[in-house]
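Asker: Sending over a structure as structure tokens; questions will come in a sec.
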Amino acid sequence: MSYQDYECVIGLEIHAQLKTQSKMFSADSTQFEAADNAHTSIVSVGMPGALPTPNRLGVELAIKTGLALGCTIRERSVFARKNYFYPDLPKGYQISQYDEPLCENGRVIYLLDGAKKEVRIVRAHLEEDAGKSVHIGDASLINFNRSGIPLLEVVSAPDMRSPREAAQYAKSLRQILRYIGVCDGNLEEGSMRCDCNISVRKKGETRLGTKVEIKNINSFRFVEKALEYEFERQVTLLHSGQAIVQETRLWDPDKNRTFSMRIKEDADDYRYFPDPDLLPLVVSSSYIEGLKKQLPELPLERFERFQKQYGLPSYDAEILTEEKEIADYFERAVVVCGNPKAVSNWMMTDLMRLLNDQKLDINQCPISSESLGELVQLIDSGTISGKIGKTLINEMWDTGRRPKQIVEEKGLVQISDEKVIEGIIDAVLKDHSHAVAEYRSGKTKSFGFLVGQIMKACKGQANPQKVNELLKKKLES
Amino acid sequence: MLDTGTTLSDVIRLIKERVVKVSEVTQFYLERATRLNPSINAFITVNDAVLDQAQKMDDQLPNQEQWEKQPLWGVPLGIKDMFCTKGLRTTAASRMLAQFVPPYDATVVSRLKQAGALILGKLNQDEFAMGSSTETSYFGQCRNPWHLEYVPGGSSGGSAAAVAASMCPAALGTDTGGSIRQPAHFCGIVGIKPTYGRVSRFGIVAFASSLDQAGPMTKTVEDAARILEVISGLDIKDQTTSSEKVPSWSNNLNPNVRGLRVGVLQEFMDKSSLNIDVARALEEVEAFLRKEGASLVPISLPLVKHGVSVYYLIASSEASSNLARYDGVRYGHRAQFDHFSGVTLERFYSRNRSEGFGAEVKSRIMLGTYCLSAGYYDAYYKKASQVRRLLRDDFLKAFQQCDVILSPVSTTPAFRLGERLHDPLQMYLNDICTVSVNLAGLCGISVPVTLSSQGLPIGVQFIGKPFDEQSLFNCGFALEKAFAFYRRFKNELPRL
């Protein structure tokens with residue numbers, strides 16, 4: 001048996017929690033940290049007579065997402081009821097969208113090994129989340145804090161052909177959602193959830209195989225692992241002449257395998273119908289246009305621009321455009337100093353290290369983008385040496401103060417006055433006549449030693465280029 | 001001072017003029033409600049606290065300015081048991097909610113309270129408002145005060161019976177397919193179903209969301225107008241409410257019908273299908289309108305014949321979904337299980353719901369579930385929705401030729417208890433004259449005019465354009481002045 005003879009066909013359904021303060025159809029808070037059932041109301045627990053009122057911001061964020069994904073936005077979409085019984089579904093139906101969703105026909109373009117890859121988006125629709133069942137011993141308890149949380153379900157076409165492609169698509173979608181500020185993309189807290197549909201077929205075959213759904217995977221790594229496992233499982237079955245059962249499976253991260261949750265004998269019948277409690281959702285084309293204007297530059301465009309405009313290598317550009325806030329920081333610093341490559345180097349080395357050590361994100365960085373730009377500027381203008389820069393950045397991190405201020409107070413300004421430097425050199429040469437003699441006898445290595453001694457004597461403040469120049473002159477005169 | 005002839009407007013005037021105290025009014029109705037309930041069964045719950053609340057109001061009579069803000073000050077009202085009342089049991093006449101005490105007031109209830117009204121108690125009805133006779137209530141059938149062997153109509157039968165028997169001066173009902181108008185007709189009172197969107201549905205136990213509306217049930221047209229003014233208007237908690245201005249209907253009442261174009265709906269005027277007393281009452285009303293200078297315009301709306309079918313498809317579909325929340329998990333009836341081990345979720349639901357719902361509710365849930373199921377949706381729910389839209393278009397077209405439409409409320413006066421309980425088709429057909437008004441989102445009023453040969457009340461229905469409740473009140477007011485049915489409450493209603 002050879003896996004190479006088979007290919008897999010993957011489509012993802014990603015649920016993204018929209019970043020609103022209150023729930024989609026009620027005023028209860030969406031905050032993650034809360035006591036059980038603290039964020040509930042008569043609406044979100046489905047009391048008799050309670051009615052939903054749509055969250056305007058939820059709609060806005062959904063449209064923004066649709067636009068960022070290149071979708072067509074319906075000016076008139078409809079909320080529908082998806083009817084099924086489950087204890088964490090308080091009304092016995094979920095408010096969702098069915099045949100008239102808000103966003104349709106978009107795409108995500110992303111990089112896979114340096115090449116552009118496109119995945120089509122079939123639809124993105126608004127819906128509310130259910131509560132959460134918790135099983136403790138014999139008891140089953142329900143926490144309704146999540147009940148009614150606004151979700152955007154983004155449904156891709158079955159356009160992915162490998163688990164890695166699928167994981168990369170999910171990461172890119174998350175990146176876009178975070179860029180446009182509609183979702184924090186926090187998988188552990190459940191603000192993004194991923195359902196994968198996968199089937200396999202012999203290469204060259206055009207018909208789709210039997211589809212298996214893997215539900216509720218909460219990390220991109222697990223998306224890839226679960227799909228890999230599933231691919232192998234299905235190929236093995238097919239190869240041994242067995243049929244694939246259409247079913248829903250779950251990923252067990254401890255055992256590294258998927259297992260069957262339920263078998264779909266018939267298609268589920270959710271008895272969708274338009275929710276009579278809610279008016280059709282009508283948005284004007286001018287409103288949509290207005291939201292379009294608010295959209296920031298998207299990650300892929302920015303990545304390409306960074307290479308072109310700043311002459312950055314693609315590796316730098318990729319890292320610097322990973323998060324919108326990092327890219328913004330970079331560009332603000334460049335405005336101050338006009339040296340993109342230097343800013344990039346400082347960010348990719350010292351700054352990222354400091355942030356990682358303290359587990360901070362760029363928004364919490366004690367060094368402002370202006371300060372970093374100023375630091376680069378100080379070095380470029382020769383005011384301080386690069387070596388001083390390295391110590392200076394740590395001080396900036398610790399104190400949060402501007403580099404100019406620190407330089408002035410501590411007298412760290414670079415010594416460029418040749419007379420002063422010559423004085424220091426003379427003193428050092430006098431103290432180390434042995435090394436001078438060695439150099440003159442051909443042991444050029446001593447040159448480095450002498451530079452070190454000079455820099456030490458001036459506390460690193462002397463302009464290193466000038467030190468080199470003058471030392472050479474003196475030794476060879 | 002207070003007797004069976006007293007109207008809501010009388011009560012307001014008597015309190016205002018300090019002729020009676022609020023507590024005396026409450027005492028009067030409370031005494032009647034308590035005494036008559038064993039025979040009529042109009043109340044499911046009496047508010048134990050109401051007399052205390054009334055006594056507290058005795059010494060705080062509002063000033064003129066406050067009266068305008070609190071036009072129902074001190075008036076004890078009966079509320080159909082579909083409206084959530086904070087701290088007061090709300091059952092929807094179902095075993096499912098027999099112990100349910102809402103933590104909040106329906107918008108309509110809080111508006112009544114803000115207007116100074118008191119809640120005397122919660123009134124009987126068909127279970128979840130599904131029925132036309134108030135015989136499907138878990139709390140027992142309600143009886144017609146005009147003849148105890150007859151039904152009061154439904155589903156707001158308890159409201160109609162309580163008002164007719166002066167167990168409260170006025171009541172609130174809900175109308176999904178005729179549930180205010182038909183019992184008003186059976187009990188000789190006024191009942192109006194406002195235009196869809198006029199009154200908030202927030203806090204009303206949902207039956208069929210696209211059809212449900214709340215409205216007043218009273219002895220006179222003026223009384224109805226006074227209550228509707230208080231409960232109407234935009235509610236941000238109900239997206240389907242309208243921002244349409246709420247006029248002061250009671251101040252604009254005008255009995256002059258000269259020049260009014262009254263459409264006469266031919267499909268419902270077929271004398272052979274109408275009870276002879278109902279037909280005669282309609283003839284009298286037509287003759288009166290003609291005499292007063294109104295012009296009668298025959299109109300035909302062939303689609304109304306499909307009204308009952310369309311109604312039962314749409315209402316049941318919505319109900320099957322609206323009632324899914326009653327699963328015994330968070331509140332409501334839960335079956336007794338000796339232990340839960342081995343009890344599947346399905347079994348848990350199925351027992352809770354089998355025990356909690358009555359037969360009529362179950363059959364409608366099944367009908368609705370069927371209509372919405374894959375493979376049937378297009379043929380039933382979708383087609384019904386299409387016919388519904390055409391029906392509305394036809395009505396709106398008809399309103400180019402006339403200002404209001406006259407029709408029977410029902411083909412017969414009240415029927416005997418049990419007579420139609422086992423003949424659902426006959427029971428459903430009972431709604432033929434009223435359901436179209438809900439389907440088309442119009443307003444309709446039932447106004448009493450006379451008594452049948454058996455001494456049972458007969459009313460007629462006027463149907464109005466969307467948000468033209470004023471025309472309905474005016475037509476009703478004209479009939480009230482001419483036929484003066486309300487006077488019969490004082491002397492003719494059999495001694496109870």
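The values are calculated or read from the model by the stated rules, or taken from the named source; none is laboratory data. Source: prediction; values computed, not measured. All Cβ positions, glycine included, derive from the backbone under ideal geometry; neighbour counts span all protein chains shown. Areas reflect the complete protein model, heavy atoms only, side chains present, ligands, DNA and RNA absent. Shrake-Rupley method; radii C 1.70, N 1.55, O 1.52, S 1.80 Å.
Asker: Mind jotting down a quarter of the surface of the convex hull over the alpha carbons of the range B:171-224, in square nanometres, one decimal?
Answerer: With every direction weighted equally, the projected area is 3.6 nm².
Asker: Same structure, new question: How charged is the neighbourhood of A:L238? Take every other residue with its Cβ under 9 Å from the Cβ of A:L238, and add Lys/Arg as +1 and Asp/Glu as -1.
Answerer: That works out to +2.
Asker: I'm checking a number: the convex hull volume of the Cα atoms of the range A:418-476, normalised per residue, in Å³. What is it?
Answerer: Per-residue hull volume (Cα only) is 65 Å³.
Asker: May I ask which residue of A:H15, A:F144, B:Y29 lies farthest towards the positive end of the charge dipole of the protein assembly as shown, with charges of +1 (Lys, Arg) and -1 (Asp, Glu) on Cβ and the Cα centre as origin?
Answerer: Comparing the listed Cα positions along the dipole, A:H15 ranks first.
Asker: Longer than 32 Å from Cα to Cα, which of A:K292/B:K237; B:K56/B:K481; A:K211/B:K382; B:K122/B:K237; B:K122/B:K245 are they? Say none if no pair is.
Answerer: B:K56/B:K481
Asker: A further question on this structure: Per 10 Å bin, what is the whole-percent P(r) computed from every C-alpha pair distance within the protein assembly as shown?
Answerer: 2, 10, 16, 17, 14, 11, 10, 8, 5, 3, 2, 2, 1, 0, 0
Asker: How much net charge surrounds B:T450 when only other residues with a Cβ under 14 Å from its Cβ are counted (Lys, Arg +1; Asp, Glu -1)?
Answerer: -3
Asker: How big is the dipole moment of the protein assembly as shown about its Cα centre under a simple scheme where the beta carbon of each Lys and Arg is +1, that of each Asp and Glu is -1, and everything else is neutral? Debye, nearest 20, please.
Answerer: Here the size comes out at about 460 debye.
Asker: Only Cα pairs under 8 Å and at least 6 apart count here; give the relative contact order of the range A:369-427 as a rounded whole percent.
Answerer: Reported as a whole number, the value is 33 percent.
Asker: What number, in nm² with one decimal, is the all-direction average of the projected area of the convex hull of the alpha-carbon atoms of chain B?
Answerer: 22.9 nm²
Asker: A follow-up question, please. Taking only the alpha-carbon atoms of the range A:3-290, what semi-axes of the equivalent ellipsoid follow from 5 times the gyration tensor eigenvalues under a square root, in whole Å, largest first?
Answerer: So the equivalent ellipsoid measures 32, 24, 18 Å along its semi-axes.
Asker: Taking the Cβ of B:Q386 as the centre, find all other residues whose Cβ is under 12 Å away and add up their charges (Lys, Arg: +1; Asp, Glu: -1).
Answerer: Taking every Cβ under 12 Å from that of B:Q386, the sum is +3.
Asker: Could you please state how large a percent of the accessible area of chain A is carbon and sulfur, counting protein chains only and using a 1.4 Å probe?
Answerer: 49 percent
Asker: Related question: Largest first, how would B:D3, A:D357 line up by accessible area (1.4 Å probe)?
Answerer: If we order B:D3, A:D357 from most to least accessible, we get A:D357, B:D3.
Asker: Still on this structure, I have one more. Put A:K341, A:K255 in order of accessible area, largest first, 1.4 Å probe: what do you get?
Answerer: Solvent-accessible surface, decreasing: A:K255, A:K341.
Asker: Give me the log10 of I(q) over I(0) for the range A:329-405 at q = 0.13, 0.21, 0.22 Å⁻¹, as the Debye formula computes it from C-alpha points; what are the numbers?
Answerer: Computed log10 I(q)/I(0) values: -0.31, -0.87, -0.96.
Asker: For n ≥ 4 DSSP H runs only, could you compute -39500 (n - 2.57) per run for chain A, divide by its residues and tell me the 222 nm figure to the nearest 500?
Answerer: -12000 deg cm²/dmol
Asker: On a straight-distance basis, which aspartates and glutamates could pair with A:K404 in a cross-link, Cα separation under 14 angstrom, same-chain partners fewer than 8 positions away excluded?
Answerer: Result set, ordered by chain and number: A:E370, A:E374, A:D380, A:E395.
Asker: Which whole-angstrom value gives the distance between the alpha carbon centres of the range B:151-177 and the range B:299-377?
Answerer: First find each Cα centre; the distance between them is then 25 Å.
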